Amino acid sequence: LSMVRHQPEGLDQLQAQTQFTRKELQSLYRGFKNECPSGLVDEETFKTIYSQFFPQGDATTYAHFLFNAFDMDRNGSIRFEDFVLGLSVLLRGSVTEKLRWAFNLYDINKDGYITKEEMLAIMTSIYDMMGRYTLPSVRDDSPFEHVEKFFQKMDRNRDGVVTIDEFIETCQRDENIMASMQLFENVI
């Protein structure tokens, strides 16, 4: 039984679709192939790799949500192209592109709305990932309180869900959110 290997699209095409130079793409590809020789990352491998960055907590649930945000065609694996397109948005995209990507992460069922349940699932997974020993220490009801504050700010028409427009407009008006989005500029 031969192993399925994935060959990425041409570098020229990826360079046109991303904010990365040819050299950066080559470097990213080498790293990707080193971790994933088949050229594809399944969810379990992604969780294993991602969890190494958060040894103090349980990153598996958040890694699941993150995996789904990168797995654009929903086929259960992340191709190099999926990875690089997402990374390009997160590191070098416009504020609106980053906010759209974040909305996609929070919209777990991909119905175009963020519900309190979806937001609570994401927030709980983030608190789990950061671990019990963070400072200041995290109380068990903190994720719920965070979601309530989020919905008070974002759900403008009070219909119980947050649309992409409500999400983007509210984030763009919030100085703290805007400042945090600038932190990841030009990391590579």
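The values are calculated or read from the model by the stated rules, or taken from the named source; none is laboratory data. Worth saying up front: this structure is predicted, and the values here are computed from it rather than measured. Neighbour counts are summed over all protein chains in view; Cβ atoms, including those assigned to glycine, are modelled from backbone coordinates with ideal geometry. Surface areas here come from the heavy atoms of the whole protein model, side chains and all, with no ligands, DNA or RNA. Shrake-Rupley method; radii C 1.70, N 1.55, O 1.52, S 1.80 Å.
Modelled spin labels at ASP42 and ARG30, positioned 7 Å past Cα toward Cβ, are 2.9 nm from each other. Look at where the Cα atoms of the range 30-61 and of the range 144-169 average out, and the two centres are 31 Å apart.
Summarising the label geometry, the points placed 7 Å from Cα in the beta-carbon direction at HIS64 and THR96 lie 3.4 nm from one another. Per residue, the solvent-accessible area of the range 20-91 (1.4 Å probe, heavy atoms of protein chains only, all protein chains present) comes to 49 Å².
The fraction of accessible area contributed by carbon and sulfur in the chain is 55 percent, rounded to a whole number (1.4 Å probe; ligands and nucleic acids excluded). Ranked by the mean number of other Cβ atoms within 10 Å of their residues, highest first, the peptides 29-35, 77-83 come out as 77-83, 29-35.
Pairs exceeding a 31 Å alpha-carbon distance, out of LYS33/LYS110; LYS23/LYS153; LYS33/LYS149: LYS23/LYS153; LYS33/LYS149. Counting charges near GLU43 (Lys, Arg +1; Asp, Glu -1) among other residues having Cβ under 13 Å from its Cβ returns a value of -2. Look at the alpha carbon pairs under 8 Å that are at least 6 residues apart: their mean separation over the length of the chain gives a relative contact order of 21 percent.
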